[in-house]
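Visitor: Can you keep this structure in mind? I'll have questions shortly.
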Amino acid sequence: MDKNFDENKKTAYDFEKHWNNAYQKSPITNLGWYEENPTPSIELIKSCDLPKNALIFNAGAGATTLIAQLLAEGYVNIVVNDIASSALTELESNLQQPKNAQIQYIVDDLTNPSELLKLKNVDLWHDRAVLHFFTEENQQKVYFDLLKKVLKPKGFVILAEFNLEGAKKCSGLDVFNYNEEMLQERLGSNFEMLKSFNYTYTQPSGNTREYVYTLFQRKSA
Ligand SMILES: C[S@@+](CC[C@H](N)C(=O)[O-])C[C@H]1O[C@@H](n2cnc3c(N)ncnc32)[C@H](O)[C@@H]1O
């Protein structure tokens, strides 16, 4: 983390710098959120039974291995986003993109979106370990407003965040912990919870982090 990074006076620019720095200073396999096999996410995604050309949006994707897994599963229409351009550059350099697949890379801030506002008809919104960094009410509101704007009727949402027993910080930043009821409340009654489970993730260091994984489906527009 930056020596001069003061969490109490953070700006969007500080966050962008913070995350770019995180991806530049160490190999992705050492990051405290690296997954060799993003099994819980891929299993939830497969359970949605979407067509392979469904539009999958990965919010705050970083350099996740999930995209390679999705391509291996035959999904061909993927949008990845992150606030850190270095993360998406790393992600792209690690991918072998099949000719029939389309991947769109969007560097943008989920809590102050511009390019992301152009998205539409998303079939599946996937977020692992991103929403929990938005500790301010206004950041959370903007995030959920964006989700509801871009997601199709009957679209799916996967949110995987630190649970109430989980860590209070990650990457040196404060986090906002969730349980399934809190996520349901933020989405509202027009979203049906299809699955939810707690999951212990083991970091490359061997330490563990407690997550809640949730899968929702939108009922209508
Ligand atoms: C803990 S990492 C998780 C990365 C990825 N989802 C995964 O599971 O490997 C959090 C990610 O959220 C991104 N991020 C943080 N704040 C963001 C924001 N406001 N808008 C978009 N991405 C953001 C970071 O750059 C980082 O890649």
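Rule-based calculations on the coordinates, nothing more; no lab input. These numbers were taken from a predicted model, which means no experiment stands behind them. Backbone-built Cβ (ideal geometry, glycine too); neighbour counts: all protein chains shown.
Visitor: For region 37-130, which GluC sites (Glu not before Pro) pass both filters: DSSP loop (anything but H, G, I, E, B) and at most 13 other C-beta atoms within 10 Å?
Guide: Sites meeting the loop and neighbour criteria: Glu73.
Visitor: Sticking with this structure for a sec: In whole Hz and in residue order, list the ³J(HN,Hα) couplings for region 22-29 that follow from phi through the Karplus curve 6.51 cos²θ - 1.76 cosθ + 1.60, θ = phi - 60°; x for Gly and Pro.
Guide: Rounded to whole hertz, the list is 4, 7, 7, 8, 8, x, 4, 5.
Visitor: Quickly estimate the mean residue ellipticity at 222 nm for the chain, helices only: each DSSP H run with n ≥ 4 gives -39500 (n - 2.57), and the total goes over all residues, rounded to 500.
Guide: So the helix-based figure for the chain works out to -8000 deg cm²/dmol.
Visitor: Long-range amide H contacts for Cys170: which residues qualify at under 5 Å (H placed 1.01 Å from N, peptide plane, sequence gap of 5 or more or a different chain)?
Guide: Hits under the 5 Å cutoff: Val175.
Visitor: Further, regarding this structure: Run the reach check for Lys99 against aspartates and glutamates, Cα to Cα strictly under 15 Å, same-chain hits fewer than 8 apart removed. What comes back?
Guide: In chain and number order, the partners are Glu73.
Visitor: Through the Karplus equation 6.51 cos²θ - 1.76 cosθ + 1.60, θ set to phi - 60°, convert the phi angles of region 112-128 into ³J(HN,Hα) values in whole Hz; use x for Gly and Pro.
Guide: 7, x, 10, 4, 5, 5, 7, 5, 7, 6, 6, 8, 8, 9, 10, 9, 10
Visitor: May I have the convex hull volume per residue, in Å³, for the Cα set of region 97-186?
Guide: Considering the Cα atoms of region 97-186, their hull volume per residue is 129 Å³.
Visitor: So which of Lys46/Lys169; Lys46/Lys195; Lys149/Lys169; Lys154/Lys195; Lys52/Lys118; Lys46/Lys120 end up more than 19 Å apart, counting from Cα to Cα?
Guide: Violating the 19 Å Cα-Cα cut-off are Lys46/Lys169; Lys149/Lys169; Lys52/Lys118; Lys46/Lys120.
Visitor: Below 8 Å, C-alpha to C-alpha, sequence gap of six or more: please give me the relative contact order for the chain in percent.
Guide: With pairs under 8 Å counted, the relative contact order is 18 percent.
Visitor: Whole-Hz ³J(HN,Hα) for each residue in region 39-45, computed from phi via Karplus 6.51 cos²θ - 1.76 cosθ + 1.60 with θ = phi - 60°, x for glycine and proline: what do you get?
Guide: Running phi through 6.51 cos²θ - 1.76 cosθ + 1.60 with θ = phi - 60° gives 4, x, 5, 5, 5, 5, 4 Hz.
Visitor: If you don't mind, another one. Around Asp108, which amide H atoms from residues at least 5 apart in sequence, or from another chain, sit under 5 Å from its own amide H, with H modelled in the peptide plane?
Guide: Hits under the 5 Å cutoff: Asp82, Ile83.
Visitor: Just the Kirkwood number for the chain, please: inverse of mean 1/r across all distinct Cα pairs, in Å, one decimal.
Guide: The answer is 17.6 Å.
Visitor: In region 13-90, which trypsin sites (Lys or Arg not before Pro) fall in coil by DSSP and have 16 or fewer other Cβ atoms within 10 Å?
Guide: Loop-located and lightly packed - Lys52.
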